[in-house]
Structure formats: structure tokens, C-alpha cells
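Working notes, structure below.
The values are calculated or read from the model by the stated rules, or taken from the named source; none is laboratory data. Note that the structure is predicted; figures quoted are calculated from it, not measured. We place every Cβ from the backbone using ideal geometry, glycine too, and count neighbours over all the protein chains shown. For accessibility, only protein heavy atoms count, side chains too; no ligands or nucleic acids. Shrake-Rupley method; radii C 1.70, N 1.55, O 1.52, S 1.80 Å.
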Amino acid sequence: MAKQELTCEDVLKELRAKQYRPIYYLMGEESYYIDLIADYIAENVLNETEKEFNQTVVYGADVDVSTIINAAKRYPMMCEHQVVIVKEAQAIRNIEELAFYLQKPLTSTILVICHKHGTLDRRKKLAAEIEKRGVLFESKKIKEAQLPAFISSYMKRKGIDMEPKATAMLSDFVGSDLSRLTGELEKLIITLPPNQKRITPEQIEKNIGISKDYNNFELRSALVEKDILKANKIIKYFEENPKTNPIQMTLSLLFNFYANLMLAYYAPDKSEQGIAGMLGLKTPWQARDYMAAMRKYSGVKTMQIVGAIRYADAKSKGVNNPSTSDGDILRELVFNILH
């Protein structure tokens with residue numbers, strides 16, 4: 001049976017229980033979870049006095065494997081543990097040599113390796129040694145469809161409720177850069193009026209700079225409802241405010257929506273839960289737009305729309321397009337979707 005991969009919450013749960021491993025190898029494309037675990041260890045394993053002598057932070061560009069091993073082999077001073085954190089470890093050559101140290105690691109050392117924008121080859125000896133004695137954690141990019149659930153659960157932990165439209169506006173605007181997304185969420189929490197625990201589209205508009213009436217979420221809703229006037233008003237607004245509404249972001253979101261709509265036609269169960277399950281949506285309310293769109297668009301029309309979005313994307317990048325503006329490209333695309 002395949003070994004179940006550790007989640008960020010699994011690792012943090014162990015750490016909160018003060019169950020420490022000799023090595024934490026944190027790798028992958030999503031920096032947010034790597035930083036979350038490394039920062040927790042840096043802030044919580046040792047107290048401020050102990051950190052002075054027993055916590056070392058180095059950067060991959062400045063060290064080699066032998067320097068890391070020598071640091072890991074030191075004993076802690078007047079303390080149970082020492083912590084060695086290696087940031088930007090993807091810059092280290094011959095990282096595989098760390099396997100020799102891990103055959104007999106010092107149990108008083110907590111070695112944290114942060115390897116961003118890539119992964120270790122799991123077939124090699126180092127990965128096997130890490131899994132035997134420590135934590136090999138891969139931080140994967142979150143899918144666009146999972147963003148609303150991520151936002152909701154993040155805010156729930158902070159005791160804040162967020163209206164679904166506000167959640168959709170923010171996830172559409174920021175995208176899957178979790179570090180930036182959590183930064184925007186923290187900004188919203190700070191700006192909440194006293195005694196208010198619910199974030200509305202109006203607060204998103206005021207504090208993040210996204211119009212509550214003219215945004216990608218509303219454009220998608222206008223297309224689902226086949227509201228020609230509303231769709232064209234939004235495109236006009238986008239044309240006048242290109243910095244906050246770049247065409248590439250709009251095309252990417254529309255492509256994801258209609259590509260998912262194609263999949264929704266194949267769901268054996270066409271209920272809210274069935275479509276949410278088919279598309280990997282964490283919250284069933286996200287399926288409602290797809291159910292509404294299935295009543296307005298046929299499968300054949302949806303295929304044609306996906307093709308039209310691809311064509312618009314190529315045009316927006318200058319392919320066979322000497323002079324058409326982004327606004328005209330969007331207008332033509334919306335006409336093709338709605339007719």
C-alpha cells in the first residue's frame with residue numbers, strides 16, 4: 001500500500017506536541033507551507049535565551065554540505081536541543097552527501113532544510129534516509145479550485161467569517177500565491193471595524209482595491225446568466241483599469257471555469273455534491289455556478305468556448321494580432337461566448 005504523504009498540519013501537530021525529529025526536509029513549489037513549518041520551529045522550539053547559543057540560520061548560497069554537517073554535529077549548550085535552519089537549500093551542490101550524516105544523526109539537533117521551487121529525487125539514498133529518521137515534506141501548489149476553501153479555513157481559524165462572494169473576489173484577484181494571499185487576508189483582519197467578525201465584498205473593495213461590481217467573479221456570473229449588458233459594462237471597466245484587471249488573469253479564470261464545466265458534464269451525479277466531488281471543489285456552493293451554466297450552455301457550445309478562449313489568449317500575446325486592443329479581444333470573446 002502506498003505511504004500516505006504528510007500534510008503541513010500533520011507536521012505542525014507533532015511539533016506542537018514537542019515531538020521533534022532530527023531532520024525536516026521541506027521541499028516543493030509552494031513556499032508558504034515550507035515557511036510555515038520552518039518559522040514554527042524557529043519561533044517555538046527554543047526560548048529567547050537558548051536561541052542565542054543554540055539556533056543557527058544559514059543560506060544555501062553561503063554554505064556547502066560539510067559546513068551543514070559540522071553545524072549539525074555540535075552539541076547544544078545548556079539546553080536539550082540545538083536548531084540548524086538552512087534556507088534556500090536548492091542552491092547547495094552535492095546535497096546527497098547529507099545522507100552520510102543521517103545514518104547516525106545527533107538526536108539533540110533539529111536540522112531544517114528549506115528547498116524551494118523543486119524537489120529531491122525520492123529514488124536516491126538521501127530521501128530514503130530522511131524518511132527513516134525524519135520528515136520529508138513536499139509542499140505542492142494549491143489548485144485554483146481549492147483557494148476558496150483555503151481562504152475560508154484560514155479565516156475560520158482567526159474567528160472571522162467571509163461572505164462567499166468576498167472569498168471568490170479575493171481568490172480570483174490574488175490567485176494561488178499563498179504568501180501574498182495570506183498577507184491580503186491579514187490586511188483585511190486588521191482593517192475590520194471593532195466587534196465585526198464578517199468580511200463583505202464592500203470591505204474587499206475598500207481595502208484590497210477590487211471593485212465589488214466590476215471584477216472577474218461578476219464577469220463570470222454575467223456569462224453564466226447570459227447578461228450581455230452587464231458583461232460588456234464589466235469589460236469597459238477592465239479596459240479603463242488595466243492594471244488591476246489584466247487580460248491574462250481574466251482569460252486564465254474563464255478558461256478554468258469552462259474547462260471545469262466540460263468536466264461537469266461527465267459527472268455521474270449531477271447534484272451539488274456530485275459536481276463538487278468531480279471537480280475537486282472543497283465547498284459544494286462553488287458547484288452552483290457550474291449547475292447554472294449547464295442549464296445555459298450545451299456541451300458542444302462549451303467546447304467551442306474553450307477553443308475561443310485559447311484563440312483570445314494567443315491574440316493577447318500578439319499571435320496573428322498586429323493591433324487589436326485587450327478590450328476588443330475580450331469584447332469579441334464575450335460575443336462568441338454569449339451567441
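Taking ILE337 as the residue in question, decide whether it is touching a Leu at 6+ places or on another chain (Cβ under 6 Å), of a type outside the set (Asp, Glu) and open to solvent by less than 30 Å² (accessible area, probe 1.4 Å). Step through it out loud before you land on a result.
On the way: touching a Leu at 6+ places or on another chain (Cβ under 6 Å): yes; of a type outside the set (Asp, Glu): yes; open to solvent by less than 30 Å² (accessible area, probe 1.4 Å): yes.
So ILE337 passes the test.
Quick check on segment 109-142: of everything there that is of a type in the set (A, V, I, L, M) and assigned to a strand (DSSP E or B), which residue is surrounded by the fewest Cβ atoms within 10 Å (Cβ to Cβ)? If you could, list the steps in order and put the result at the bottom.
Of all residues in segment 109-142, those of a type in the set (A, V, I, L, M) come to 110-113, 120, 126-128, 130, 135-136, 142.
Checking which are assigned to a strand (DSSP E or B) leaves us with 110-113, 135-136.
Working: ILE110: 26, LEU111: 26, VAL112: 25, ILE113: 26, VAL135: 20, LEU136: 22.
Only one residue fits best here, namely VAL135.
If ALA267 satisfies every condition in (1) at pLDDT 90 or above; (2) among the aliphatic types (A, V, I, L, M); (3) within 29 Å of SER153 (Cβ to Cβ) but one, which is the exception?
It is condition (1) that ALA267 fails.
So in segment 170-194, with the set limited to residues that are within 19 Å of ASP39 (Cβ to Cβ) and under 10 Å from the mean Cα position of the chain (by Cα), which one is most open to solvent (accessible area, probe 1.4 Å)?
Looking at the filtered set, the residue picked out is ARG180.
Considering only segment 210-218, I want to know if a residue exists there that is small (Gly, Ala, Ser) and either under 22 Å from the mean Cα position of the chain (by Cα) or under 26 Å from TYR33 (Cα atoms) (or both). Write out each step before concluding.
Step one: list which residues in segment 210-218 are small (Gly, Ala, Ser), which gives 211.
Among the residues that remain, those that are also either under 22 Å from the mean Cα position of the chain (by Cα) or under 26 Å from TYR33 (Cα atoms) (or both) are: none.
No, the conditions are met nowhere in segment 210-218.
Report yes if some residue within segment 225-247 is modelled with pLDDT of 90 or more, under 24 Å from the mean Cα position of the chain (by Cα), open to solvent by less than 20 Å² (accessible area, probe 1.4 Å) and within 28 Å of PHE150 (Cβ to Cβ); otherwise report no.
Scanning segment 225-247, I find at least one residue that is modelled with pLDDT of 90 or more, under 24 Å from the mean Cα position of the chain (by Cα), open to solvent by less than 20 Å² (accessible area, probe 1.4 Å) and within 28 Å of PHE150 (Cβ to Cβ), so the answer is yes.
Looking at segment 281-291, which of its residues are in a loop (DSSP other than H, G, I, E, B) and open to solvent by less than 40 Å² (accessible area, probe 1.4 Å)? So that I can check it myself, show each step before the final result.
So in segment 281-291, the residues in a loop (DSSP other than H, G, I, E, B) come out as 281-283.
Of everything in segment 281-291, those that are in a loop (DSSP other than H, G, I, E, B) and open to solvent by less than 40 Å² (accessible area, probe 1.4 Å) turn out to be LEU281, THR283.
Which ones in segment 270-289 are at pLDDT below 85 and farther than 22 Å from GLU225 by Cβ? Steps first, answer last, please.
Just the residues of segment 270-289 that are at pLDDT below 85, to begin with: 280-286.
Within segment 270-289, GLY280, LYS282 meet the criteria.
List the pairs whose first member sits in segment 38-49 and is under 13 Å from LEU111 (Cα atoms), whose second member is exposed (fewer than 11 other Cβ atoms within 10 Å of the Cβ), and whose Cβ atoms are under 9 Å apart, counting only residues at least 6 apart or on separate chains?
VAL45/LYS18
Which one is farthest from GLU218 (Cα to Cα), of the residues in segment 312-337 that are in contact with a helix residue (DSSP H, G or I) (Cβ under 9 Å, 6 or more places away or on another chain), among the hydroxyl-bearing types (Ser, Thr, Tyr) and not in a helix (DSSP H, G or I)?
Going through the qualifying residues, I end up with THR324.
Take segment 316-339 and flag every residue that is in contact (Cβ under 8 Å) with a residue 40 or more places away in the chain and farther than 17 Å from SER252 by Cα.
Within segment 316-339, SER325, LEU338 meet the criteria.
Just to be sure I understand the filter: pairs with C-beta atoms under 9 Å, separated by 6 or more residues or on different chains, first member in segment 155-169 and of a type in the set (Asp, Glu), second member assigned to a loop (DSSP other than H, G, I, E, B). Which pairs pass?
Close Cβ pairs satisfying both conditions: ASP161/LYS197; GLU163/THR200.
Which numbered condition in (1) free of Cβ contacts under 8 Å to residues at least 60 places away in the same chain; (2) open to solvent by 20 Å² or more (accessible area, probe 1.4 Å); (3) in contact with a helix residue (DSSP H, G or I) (Cβ under 9 Å, 6 or more places away or on another chain) is the only one that ILE309 fails?
(2)
Quick one: what pairs do we get from segment 74-92, first residue on the phi > 0 side of the Ramachandran plot and among the small types (Gly, Ala, Ser), second open to solvent by 60 Å² or more (accessible area, probe 1.4 Å) and part of a strand (DSSP E or B), C-beta under 6 Å, 6+ apart or different chains?
Short answer, once both residue conditions are applied: none.
Determine which single condition LYS132 fails, assuming it passes every other condition in (1) at pLDDT 90 or above; (2) more than 30 Å from ILE69 (Cβ to Cβ).
LYS132 satisfies every listed condition except (2).
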